[in-house]
Amino acid sequence: MTEQYLQAIRQRVCARCIDTDGKGNCMLHYNEYCAVEEFLPEIIRSIQKVTSDKVEDYVVELRNFVCTECRHQTENGTCIVRNNLDCGLDRYFPLIIEAVEEVDAARRSA
Ligand code: SF4
Ligand code: SF4
């Protein structure tokens, strides 16, 4: 079920990511991980909870349901990876929202 979403994200997000080889292949090293892949089901659910034209409303759910599960977020809610613009999920979140909502719209009209 998440495969359709992953494909849409690969096309829309990974293809433009600074950590990709330009063909959509992730170039992160083995000891790093991208939250996009690690938390895909949670990301999809957090986006589906929101209907808004403000990205901030989606970010609230992202922080509550995804970042709280991530080993990079500290107890006071800060994240050094996010602060250094090294989180692909955070960096490209508006594009990820578009990708998920596009798949949802296609599924509804199928
Ligand atoms: S770092 Fe994340 S967003 Fe970037 S190419 Fe890899 S999986 Fe995709
Ligand atoms: S912003 Fe930080 S806590 Fe949230 S998913 Fe990215 S790395 Fe994890």
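The values are calculated or read from the model by the stated rules, or taken from the named source; none is laboratory data. Being a predicted model, the structure only gives us computed values, none of them experimental. Note: ideal-geometry Cβ built from the backbone for every residue, glycine included; neighbour counts use all protein chains shown. Just so you know, the surface numbers come from the protein's heavy atoms only, side chains and all, with ligands and any DNA or RNA stripped out. Shrake-Rupley method; radii C 1.70, N 1.55, O 1.52, S 1.80 Å.
Okay, here's what the table says:
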item	result
Hz values of 3J(HN,Hα) by residue in the range 100-108 - Karplus curve (6.51, -1.76, 1.60), Gly and Pro given as x	5, 5, 5, 5, 4, 5, 5, 5, 5
Heavy atoms of Cys17: accessible area, 1.4 Å probe, square angstrom to 10	30
Relative contact order of the chain, pairs being alpha-carbon contacts under 8 Å that are 6 or more residues apart, as %	31
Accessible surface of the chain, 1.4 Å probe, proportion on carbon and sulfur as whole %	49
DSSP-loop GluC sites (Glu not before Pro) across the range 17-56, with at most 14 other Cβ within 10 angstrom	Glu32
The range 1-98: chymotrypsin sites (Phe, Trp or Tyr not before Pro) in DSSP loop, at most 13 other beta carbons within 10 Å	Tyr30
Once exposed loop trypsin sites (Lys or Arg not before Pro) are cut out (DSSP; at most 14 other Cβ, 10 Å), longest piece of the chain	72-110
Distance-filtered residues of the range 48-67 - backbone nitrogen under 18 Å, label point 7 angstrom along Arg108 Cα→Cβ	48-55, 58
Residues whose placed amide H lies under 5 Å from that of Lys49, excluding near-sequence neighbours	none
The range 1-61, relative contact order in percent, only Cα pairs under 8 angstrom and at least six apart counted	19
Per-bin percent of Cα-Cα distances, the chain [5 Å]	2, 12, 23, 24, 21, 12, 4, 1, 0
Test item: Cα-centred dipole of the range 2-109, Lys/Arg +1 and Asp/Glu -1 on Cβ, debye	180
Within the chain, helix-based [θ] at 222 nm, where runs of 4 or more DSSP H residues each add -39,500 (n - 2.57), nearest 500	-15000 deg cm²/dmol
Accessible area in square angstrom per residue, the range 2-109, 1.4 angstrom probe	63
Net charge, His72 excluded, C-beta distance under 13 Å - Lys, Arg +1, Asp, Glu -1	-3
